[in-house]
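The values are calculated or read from the model by the stated rules, or taken from the named source; none is laboratory data. All values reported here derive from a predicted model rather than from experimental measurement. Cβ atoms come from the backbone with ideal geometry, glycine included; neighbour counts cover every protein chain shown. Just so you know, the surface numbers come from the protein's heavy atoms only, side chains and all, with ligands and any DNA or RNA stripped out. Shrake-Rupley method; radii C 1.70, N 1.55, O 1.52, S 1.80 Å.
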Amino acid sequence: MIMVQGEVSGKVYTEPFSKGVLSRSLTRAEMGPNKAYAFASCIEAKLKDKNLSLITIDELVELIVDDLRDEDPEIAEKYIAWRQIKKGTEPLIILIGGASGVGTSSIAFEIANRLGIRNMISTDMIREVMRKIVSKELIPVIHESSFTAYKGMRVPPPPEFDDVLAGFRDHVDTVSVGIDAVIERSLKEGISIVIEGVHVVPGFIKQELIEKNNVVMFVLTLQDKEIHKGRFYSRCRQMWARRPLQRYLDNFFAIRKTHKYFESQASKFDVPAIENIDVVTTIDSIIKHITETYGGINDVKK
Ligand SMILES: Nc1ncnc2c1ncn2[C@@H]1O[C@H](COP(=O)(O)OP(=O)(O)O)[C@@H](O)[C@H]1O
Ligand SMILES: O=C(O)[C@@H](COP(=O)(O)O)OP(=O)(O)O
């Protein structure tokens, strides 16, 4: 049996070489599952040829990267980026925001999967818990959707303010308290998490949290209104979908206003705004940003 030697928090451990474990990490770099398994089998054969009984993780990675570069340089680069993120010494908190329907939940799921992050929460769920705690009489805006929150405002905004955006800001401001709490708890426990939804808006999360290098935020956009509208149709086609299409189409104008607000807040707070046209391009772009800002850093700003 070939043993692999790694290190966690200064403690050395060994575990048997597993083709399954290696192929899973290769699929996270976007190699097809069959190819990944075949590649992992080749690596195992090489180790056997060398008569090795023990190899360190770093030596193994070097071998993998060398072979990957010959086999598929693009996947080799993705694998290196993934390793770099994994080597970070702090938990990674990824925040993905965007107007309703732009794809935050789909992309969050893919990102969590790619990075092997086991925790994911939708801000809709945080809001749902808050709704049970805070009555509709006390804070009516959170009992509405983000784009209809203006209907719940106890005092209408002055005429010079856009009512949809005034309601949206109130709504987001309240739910952001819950998001702050999830981030704080994740940092305290040392768990990586992806937090996604319409309530992840630049400028609303506590500054001291967002300033940390291991807390990264992204905004998803869809410039083309028709593509955006199409996403509500595709969402409703899923068998288990319970949210009525018509509601989102009726409020599409208001949803687009929030979309514009996301764009302006992202630009104001220097948060990457990523066009979510194609899943693979979106994921690659997010991973690239994370690698550049977080990957491999050991000195996290406190
Ligand atoms: N990049 C993409 N390309 C094609 N369809 C997408 C993409 N991102 C999301 N979708 C689809 O758009 C719909 C809305 O996405 P969803 O993730 O539910 O949006 P949100 O959570 O932002 O409301 C879903 O049917 C989803 O499969
Ligand atoms: O408040 C909102 O804008 C939407 C966000 O949900 P997503 O479309 O982002 O999933 O929640 P709703 O009230 O429709 O359940």
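Summary of values
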quantity	calculated
Where ARG235, ARG242 fall by accessible area, highest first, once all protein chains stay in place (1.4 Å)	ARG242, ARG235
5 angstrom amide H check on ILE96, placed H, neighbours 5+ away	ILE195, GLU196, GLY197, PHE218
Solvent-accessible area of VAL164 with every protein chain in place, 1.4 Å probe, in Å² to the nearest 10	10
J(HN,Hα) series, the range 45-60, from Karplus relation 6.51 cos²θ - 1.76 cosθ + 1.60, nearest Hz, glycine and proline x	4, 4, 4, 5, 4, 7, 6, 7, 10, 9, 9, 7, 4, 4, 5, 4
Theoretical gain in end-to-end length, GLU184 to LEU209 [0.36 nm per residue, Cα-Cα removed]	8.2 nm
Pair ILE57, ILE227: separation of 7 Å Cα→Cβ label points (nm)	3.8
Highest average packing first - 165-171, 126-132, Cβ atoms within 10 Å	165-171, 126-132
Estimated FRET transfer efficiency when R0 is 22 angstrom, pair ASN34-LYS87 (beta carbons, to 0.05)	0.20
Calculated P(r) tail over 35 Å for the chain, as whole % of Cα pairs	29
Theoretical FRET efficiency, 1/(1+(r/R0)^6), r = Cβ-Cβ of ASP67 and HIS289, R0 35 Å, to 0.05	0.80
Lysines whose Cα lies under 25 Å from that of LYS50, excluding same-chain neighbours fewer than 8 positions away	LYS19, LYS35
Peptide ranges 253-262, 57-66, 279-288 listed from the most packed, as the mean C-beta count within 10 angstrom indicates	253-262, 279-288, 57-66
Ranked order, CYS42, CYS236 - accessible area, probe 1.4 Å, largest first	CYS42, CYS236
Contour minus Cα-Cα distance for MET1 and THR14 (0.36 nm per residue)	3.5 nm
Accessible area in the full protein assembly, largest first, 1.4 Å probe, for PHE147, PHE204	PHE204, PHE147
Relative contact order %, the range 93-293, counting alpha carbon pairs below 8 Å whose residues are six or more apart	32
In order through the range 220-231: 3J(HN,Hα) via Karplus (6.51 cos²θ - 1.76 cosθ + 1.60), integer Hz, x for Gly, Pro	9, 10, 9, 4, 7, 4, 5, 5, 4, 4, x, 5
Relative contact order, percent, the range 173-276 [alpha-carbon distance under 8 Å, six or more residues apart]	33
